[in-house]
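Peer 1: I am attaching a structure below and will ask some questions about it afterwards.
The values are calculated or read from the model by the stated rules, or taken from the named source; none is laboratory data. Computed from a predicted structure; not experimentally measured. Quick reminder, even Gly has a Cβ in these numbers, built from the backbone with ideal geometry, and neighbours come from all protein chains shown. With ligands, DNA and RNA removed, areas are computed over all heavy atoms of the protein, side chains included. Shrake-Rupley method; radii C 1.70, N 1.55, O 1.52, S 1.80 Å.
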Amino acid sequence: MAPLVRDLMTSRVVTVRSDEPLSAVVERMTRFGFSALPVVSPSFRLVGMVSLLDVLRFREEHDAEGAEADGRVRVEEIMSPDVLSMSPTANVSVVAQRLRSHGELRVMPVVQGGRLVGVVTRGDLLRHLDLGSLRTGQRRLFGGRDKPEDALFALEQRRRTGPPPVAATPVQEVMTREVITVGSAERVAVAAEVMLHHRHSALPVVDGENRLVGIISEADILADPLAGRSAHTTVNAVMTRAPITVDAGATVGEARALVADRGMRTVPVVDGDRLVGVLSRSDLL
């Protein structure tokens, strides 16, 4: 029997209220490394979704930066009120199809009686795929699901101290230099386990000389009909070739404009054709 949403959803959910300021969104997303949060009413009814991309696009549109704008604007002003959601008794295959068909959607809220009871992410779907060694990676990351409070605490990220970067800041000052990568000949199962273990939604693909040859994402794996069936499927077979990149000499402002326009979560930073770092949405906030 095919599993139901309730069998793999995460019931311990970080949320934000619609009347809270954007600063609360930025703090919670960067604290836990989330790309989107459900927006709820005081009675925990789902009223929208808000993402780091929403914040970046708001700042780009209004030429707003920093804590002043984040404290003045409320979540309800930038959230998406028309939210796709699923019932806990829905079939997992339906969730997978909806996440595949909506490119920017990575988190699916699970609602029962109008109230938020959990979320399903692309990462949850990856764990569901029969990719052999994934079970080990899941145990290593979460240590089981008996203590959801401990699991949530373990997700807390090391946060950058100091003020947010201004538009003129070089990307080299905010990018991650120690990049986790994968080779094109590696098995998809290994790439998926690395993503789950490090909580990445995508990995740059490099050759033996650290030249960028592609990028593989959760969406690439879930969209391929063979990725969950063959233990021999390679990264080369499903990766996105010629990915959009940011030059090492670019500024944070240029990177923000690119992310706001293209909606990317992970942007490789290159010097020529060689990978020198990666940028995430949270790096730009």
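Peer 1: Among the residues in region 54-77, are any within 17 Å of the chain's Cα centre (by Cα), within 14 Å of Ser35 (Cβ to Cβ), among the charged types (D, E, K, R) and at pLDDT 85 or above? First the steps, then the outcome.
Peer 2: Taking region 54-77 and keeping what is within 17 Å of the chain's Cα centre (by Cα), we get 54-57.
Filter once more, so that each one left must be within 14 Å of Ser35 (Cβ to Cβ): 54-57.
Still in the list and also among the charged types (D, E, K, R): 54, 57.
Filter again for at pLDDT 85 or above, leaving 54, 57.
Yes: one or more hits.
Peer 1: Which condition number in (1) touching a residue at least 60 places away in the same chain (Cβ under 8 Å); (2) under 28 Å from Leu129 (Cα atoms) is the one that Ser18 fails?
Peer 2: Ser18 satisfies all of (1) touching a residue at least 60 places away in the same chain (Cβ under 8 Å); (2) under 28 Å from Leu129 (Cα atoms) except (2).
For (1) charged (D, E, K, R); (2) assigned to a loop (DSSP other than H, G, I, E, B); (3) over 18 Å from Ile78 (Cβ atoms), each residue gets a yes or a no:
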residue: Asp7; (1), (2), (3): yes, no, yes
residue: Arg12; (1), (2), (3): yes, yes, yes
residue: Asp19; (1), (2), (3): yes, yes, no
residue: Ala24; (1), (2), (3): no, no, no
residue: Arg28; (1), (2), (3): yes, no, no
residue: Arg31; (1), (2), (3): yes, no, yes
residue: Pro38; (1), (2), (3): no, no, no
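Peer 1: Would you mind finding the one in Arg274, Arg241, Arg281 that is among the basic types (Lys, Arg) and closer than 24 Å to Leu56 by Cβ?
Peer 2: Only one candidate passes the filter, namely Arg281.
Peer 1: Hey, could you check region 87-131 for residues that are small (Gly, Ala, Ser) and part of a loop (DSSP other than H, G, I, E, B) and say which is modelled with the lowest pLDDT?
Peer 2: Filtering region 87-131 for residues that are small (Gly, Ala, Ser) and part of a loop (DSSP other than H, G, I, E, B), the one modelled with the lowest pLDDT comes out as Gly103.
Peer 1: Name the helices (runs of 4 or more DSSP H) wholly within region 171-285 that hold at least 3 residues that are within 26 Å of Leu129 (Cα to Cα), at pLDDT below 90 and open to solvent by 20 Å² or more (accessible area, probe 1.4 Å)?
Peer 2: Passing ranges, in order: 218-223.
Peer 1: Going through region 112-127 one residue at a time, which ones are over 14 Å from Ala36 (Cα atoms) and buried (at least 18 other Cβ atoms within 10 Å of the Cβ)? Give the steps one after another, and end with the answer.
Peer 2: Quick first cut of region 112-127, residues over 14 Å from Ala36 (Cα atoms) only: 112-117, 124-127.
Residues satisfying the conditions are Leu116, Val117, Asp124, Leu125, Leu126, Arg127.
Peer 1: Now for a different question. Given the options Leu46, Leu56, name the one that is assigned to a helix (DSSP H, G or I) and over 20 Å from Leu196 (Cα atoms).
Peer 2: Sole residue among the options that is assigned to a helix (DSSP H, G or I) and over 20 Å from Leu196 (Cα atoms): Leu56.
Peer 1: Given Arg12, Arg31, Arg59, which one is of a type in the set (D, E, K, R) and buried (at least 17 other Cβ atoms within 10 Å of the Cβ)? Even if it seems obvious, please write down each step before you answer.
Peer 2: Details: Arg12 fails: buried (at least 17 other Cβ atoms within 10 Å of the Cβ); Arg31 fails: buried (at least 17 other Cβ atoms within 10 Å of the Cβ).
After applying the criteria, what remains is Arg59.
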